[in-house]
Structure formats: structure tokens, C-alpha cells
Amino acid sequence: MLQIEMVPILEDNYCYLLRSEDGKCAVLDPGEAPPVIDALEKLGWTPDYILNTHHHWDHVNGNKGIKDKYGSQIFVPEGDAHKIKHYDHILREADIFELGNEKAKIIATPGHTMGAICYYFEKSKALFTGDTLFAMGCGRLFEGSAEDMFGSLQKIFALPDDVKVYCGHEYTLGNAQFCSTYAPENIHIQKRLKDVIGLRKENKKTIPSTLSLEKKTNIFLMAKTVEEFAGIRSTKDRS
Ligand code: ZN
Ligand code: FE
């Protein structure tokens, strides 16, 4: 199984440290270097790789600091590569990224940015979604259209229920409140809102989530048509 450590960075970002059973290590979305290096040193892990889900600064700004210290190879999405200063390799749809004996399938998920990708570790049932899918939410459409994002969410919806979702931000409380107002009759959403309020009161993380929970409570992921999705997205943008 893949070992996964979460490092809270910046305001509300999560950076992830991954380690395969045969000892290969990767850092995913280091938006800044110092707290990530601290966490690596505490664990005694040396990152062979740095992985990015998309080009935004809060996911890539630590690339150089970590590479300078450890000599890690940086992998970035093909479509966003021209906007990322420091990288060594590109990844595209259906590529397989090998972290020792763990394999991640690359899923192209345009919408938030045109090049955004998710990393799907099939054997360990872990999906790293960056700012495409959040717990009870999805990323804003900075570059892509509603059609793009709807298509990306459909790809994620097709993955198995027991996949764990590791997203780029702790946005769950605000998202849960929005989902709850939008679908007050949905008992799964109302229950999850209560759970999330409880966790956040104690300053606990709400991540990882599971796809089974998202398929029942994430109204963006649950949208059945592009039009429905576009309506929810624009309502949220105005809220
Ligand atoms: Zn972003
Ligand atoms: Fe972000």
C-alpha cells in the first residue's frame, strides 16, 4: 500500500507526501517548500519526485526549493507545463507514473485549468484531484468551460466507490454549507454537513473523502447534465 502523509501548507492547501512499499517517495503539489521539507525531514523521507496537478502558484511554488535540496525530478501536466517555471518531465492523459511498485494513472481533467490532471493510484485506491474535485465541491472554471469540467467530473464519477479522494484544499465546510442550501431535502448532505461542522470545530481535517460519499453529497459531481452543472457552478460563484 501507498503511504500517504498530509502536510497543511499556506492558508488552506494540502500538500501530500507519498511513499511506495519499495521506498520511492514523491511530493504532490508543494505550494511552498519550508513546511514540506520539515515534514520530510521528520519522516526521514527523501523525495525522488515532485508531482503537480496544475500550474497555480499554491501548488507549484515549492517545486524549486525541494528540487534544490533533494534533486527530485519534477513531473507536470503537459497542458500546463508552459506556465510552470521548474520541471523535468510532462504527463498526459492515460500515462502511467511509476512510484516504485505503485502505479498512478494520469487522468486529464480540464476545467479549473486547461492542463489539470488527477493522479489515480489504482492498487492503493487513492485519487489526487488537485483543484478539480473538492470534498463537496469542484474547482472554479478559470480556464475551461462548463462542458470541460462536466466531462472531467464524469471521468471521476466512473471510478470505483471505495477510492479515497485527496484534494488540494480544505474547503469542505463552505462547500457543505452551499450543498446544504442547494439541496436541503438531501439527507446525506445534511448529515455530512453536521459531521463537517463537528470536525472543523475541533480543527480536524475533513480529507481524505471517498468517492462513495462524494457521489451522494457533492452536488457538482452529482449533476446529470452540463446545463445542471453550469447552473450549480454559477450559483456558487455568485454566493
Ligand atoms: Zn488551482
Ligand atoms: Fe489551489
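Brief remarks on what is shown
- Looking at region 76-183, the strands (runs of 3 or more DSSP E) lying wholly inside it that each contain 2 or more residues that are within 16 Å of ligand 1 (Cβ to nearest atom), under 17 Å from Ser209 (Cβ atoms) and under 16 Å from the mean Cα position of the chain (by Cα) sit at 117-121, 126-130, 164-167.
- Total residues in region 197-212, condition surrounded by 15 or more Cβ atoms within 10 Å (Cβ to Cβ) and touching a residue at least 60 places away in the same chain (Cβ under 8 Å): 5
- A single member of Ala223, Ala146 is touching a Leu at 6+ places or on another chain (Cβ under 9 Å) and aliphatic (A, V, I, L, M), and it is Ala223.
Here, each number is a calculation from the coordinates, and none is a lab measurement. What you see is a predicted model, and the numbers here were worked out from it, not measured in a lab. FYI the Cβ positions are ideal-geometry reconstructions off the backbone, even for glycines, and counts take in every protein chain you see.
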